[in-house]
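Each remark here refers to the structure printed beneath this line.
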Amino acid sequence: MLQPISDPYVWLEDANTASTITWLSQQQQLIEQELGAHPLRARLQGCIQTMLRSGVVVDTPHLANNRYFFHRRKAAGEQATIVMSDRAAGKEILLVDPLKHGADNYCTATLLAVSPDGNRVAVGIRHDGRDRYTRTLVLDLKARTTADISDIGPQARTTVTLQDCFYITRYPNSVELYRCLLDDPSSAVHVCTLPVMDVEGVFVQPLDNLRYVLILQQPTHDQGWSVWVLDQQSETLTALLVNFRHGASFYDKEDSLFMLTDWEAPSRRVLRTCLPVTGSPLWCEIVQQTDEPIQQLYVAGNALIAITVTAGVSMGLRVFDMLGRPLAAPLLPTGGTITELRTDRESGDVAFEFSSATCPPRIYTFRVGDSALRRWSQQRVTEDFAEVECRHVYYRSKDETIVPMTLSFRRDIRPCSNRPTLLTGYGGYGVSFNPRYSNRAAVWIAMGGLYAQASIRGGGEFGKLWHEAGRRAHKQNSFDDFIAGAEWLIREGYTKPDKLAIAGGSNGGLLMGAALTQRPELFAAVVCFGPILDMLRFHLFPGGALVGLDEYGSPDIPEEREWLLSYSPYHHVTPGVEYPAVLIISGDADTRCDPMHARKMVATLQACTRSRKPIVLDYRMKRGHAALLPVAERIETLTNQFCFLFDAMGITLASDGFMIPLESDSLELKQVHGETQAQPSVTR
């Protein structure tokens, strides 16, 4: 039987009670008192506003039939519009302006899919900062019509060709799949009965040839992937995988089905089988694993495009034909990240965004068979990133595992033990946290701060084993890696505890909470946004069970509950401890990491801390998990963070905008670059 655990702030889980509303009002007054009148606020806000409104911002375009579809936000705009560039006709067309779909700047429009002929576009509309789409529209550019498919089914999934719409629904004793024409929602026909009972974890992936549909049941804490192939021509449902306890993602081209998997290949390999699937499918390996893990796979024309990671810090591209034979691939700068890639599955055109700590976002294009890169767009920034130095170092964690970290700072400063330093990390879900551009980092570096990014276990920088070594029963390794990075920065003379701050969000918010409660003396300040912090009750709230049980474990299983309780930040706040300054950022619209985590953590920290350092909550009703805030509010939020950090770390600004620690320290940086030649290893 599970033993009850003291939970004095459980009442803050309900956002709608009078007591919670009163408490949140008091928190708003507190943050305004702490940060609203900061003497540097106007100057910091001016710097941040200049950075965020320095020019037009576009994202990686969807490519289809010589047309580019993309989001574009003008310098003075609050939200991005959706634009089509018809290269053949030499003109641009504004497709969707979110201001026409909502009453305020919290309405956003997201491009979901484009048909191969470029004539149909699916768009998701979100209101009030919510993470979930409130409306789904399909634009027929040829017929000049718009279909609203929001109410077709509880979980609508449009096909890539945008011909049909599939949706699933649950009845008392079954889960059913339906299909209907987008132009006629009343045309719904029953397709098949699914061999599952959990609707929330089931997804439909129609294939390009329109004949086949994949039905995928997401893994849970007690079972792996289950995947079926529906042959619409014969109306047969065939099991492709059952209880497959390995990573898997699927791609298709004509009669070939590809699977990117870590099955017997921790760095991932590519397998191929043929359609139709009859009986047990025969998988053939066409791309072997290497020491550069494959992160993602795409189909472009008659080629496969793979994003890989080198040495845990640098992303690159590999190109293969349909049989897995290498083709010419573009050469990218080292030490950067591909944040988004799109392909034209017919022509072989590819577009992707690349950035690093010293390279603002740039969008490149190329065509399979021609590895020459063409720059399609570059984000304009106010700082000269040629003057930023980037160092890749390696340090040893608590168990001697070698961990990569990237340090970025202005070339005209000499890092010393008094240098204000901001350390960040993620370490979860097998996501590679490689060096990339961020507005927070850009402002921090421009003002003379040192920005450090640790690629800790739990991520995917070195493949499956790196992920496995930082999840479930081994989650403490992620925290040990991050803490060891902070200790290394101090030991090697880059900074000291009262000049070291940490920041992270989502799973990285859990990381911040664990570092805060396990080693509070190491940090001057902690910034934690959209976090998960109560590891005994996260699964009881929307989104928690779906995204967290497989990664962390289940609080309802005694053994797994012990893992979670051993580090759960909310349960490890101890009365009488001198905690650093803490800023937690959340909001009512977050359906991924419920805002109850932020509310309860702030309450217990405020009650328990022995220091006089502020514990504050930046909370907005219309703030969700995704980055959907209007630019004006993003500027305000980032200004709050910098006011908080400057106050907690004792920093002021010189007349030229350069950071000055309030107490002097002339100790210069030792010429230590870490274990640059060491090869990272994975241990548990």
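The values are calculated or read from the model by the stated rules, or taken from the named source; none is laboratory data. Remember, it's a predicted structure, so these values are computed and weren't measured experimentally. A quick note on method: Cβ atoms are made from the backbone with ideal geometry, for glycine too, and the neighbour counts reach across all protein chains shown. Areas reflect the complete protein model, heavy atoms only, side chains present, ligands, DNA and RNA absent. Shrake-Rupley method; radii C 1.70, N 1.55, O 1.52, S 1.80 Å.
Once the Cα atoms are used to define both axes, helix 631-649 deviates from the longest principal axis of the chain by about 30 degrees. Going down the list LYS74/LYS253; LYS496/LYS622; LYS398/LYS464; LYS475/LYS613; LYS499/LYS600, which pairs span over 31 Å between their C-alpha atoms? Flagged as over cut-off: LYS74/LYS253; LYS496/LYS622.
A Cβ-based charge dipole, computed about the Cα centre of the stretch 257-388 with Lys and Arg at +1 and Asp and Glu at -1, lands at about 280 debye. The residues of the stretch 315-365 expose on average 35 square angstrom of accessible surface per residue, using a 1.4 Å probe on protein heavy atoms. Cross-link partners for LYS142 among the aspartates and glutamates, with Cα-Cα distance under 16 Å and sequence neighbours closer than 8 places in the same chain left out: ASP86, GLU92, ASP117, ASP183.
Of the listed residues TRP225, TRP11, the order by accessible area with a 1.4 Å probe, largest first, is TRP11, TRP225.
In percent, rounded to a whole number, the relative contact order of the stretch 518-634 is 31, using alpha-carbon pairs under 8 Å and six or more apart. The stretch 457-504 and the stretch 33-93 have their alpha-carbon centroids 33 Å apart.
Helix 596-608 and the longest principal axis of the C-alpha atoms of the chain enclose an angle of approximately 10°.
Using C-alpha pairs below 8 Å separated by at least 6 residues, the relative contact order for the chain is 12 percent. Helix 41-52 versus the longest principal axis of the chain: what is the Cα-based angle in degrees, 0 to 90, to the nearest 10? Its long axis makes an angle of about 30 degrees.
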